[in-house]
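Single-structure report; data block below.
The values are calculated or read from the model by the stated rules, or taken from the named source; none is laboratory data. A quick note: this is a predicted structure, and the numbers were derived from the prediction, not measured. Using ideal geometry, Cβ is built from the backbone for each residue, glycine included, and neighbour counts are taken over all protein chains shown. In case anyone asks, the SASA skips ligands and DNA or RNA and just uses the protein heavy atoms, side chains included. Shrake-Rupley method; radii C 1.70, N 1.55, O 1.52, S 1.80 Å.
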Amino acid sequence: MNLIREVLPVEYANLSVDEIRRQLDEAESKKTELKKLLEVRRQEGKDDIIQQVKDLIQSNGYELDEIIPLISTKRRRGTAAPRKLVSSRQYKRYVDPDDSENVYVRGVLPGWMKQKMKDQGYDPSSKDDREAFKAKSLRVVEG
């Protein structure tokens, strides 16, 4: 019993097992409530900060849509135009005449194309063989 008194505060030292369990249940319940309250307070804080930022932007003579897009987690250097996500360049599409589901645009050769090249005696690792195979064995579709 001395070990219990050394480890625990005096108010818990004489509790029974059932009383300890009840205390733990109450503590868990309070913990859950406090977590919910913390989240509410954090959201309220965000709302306050958002309003302060809006007020600051407007008080300096700017419109929100002029400044808000400039705020982000990405580092920006200069005022360069934003990158295009999709290239405007159109690439040839090579379609397998035997199976229109098999399409090759560019990049790594798909398995179906490698196999078909090998079956026809071409070497997939040779650029000349790849070009010859595309010209002779595949249908070209623009765009």
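The loop-placed GluC sites (Glu not before Pro) in region 94-143, going by DSSP, that have at most 13 neighbouring Cβ atoms within 10 Å of their Cβ come out as 142. Each label point was placed 7 Å from the Cα along the Cα-to-Cβ direction; for residue 44 and residue 139 their separation is 6.7 nm. Averaged per residue, region 11-64 has 90 square angstrom of accessible surface, using a 1.4 angstrom probe with ligands and nucleic acids left out.
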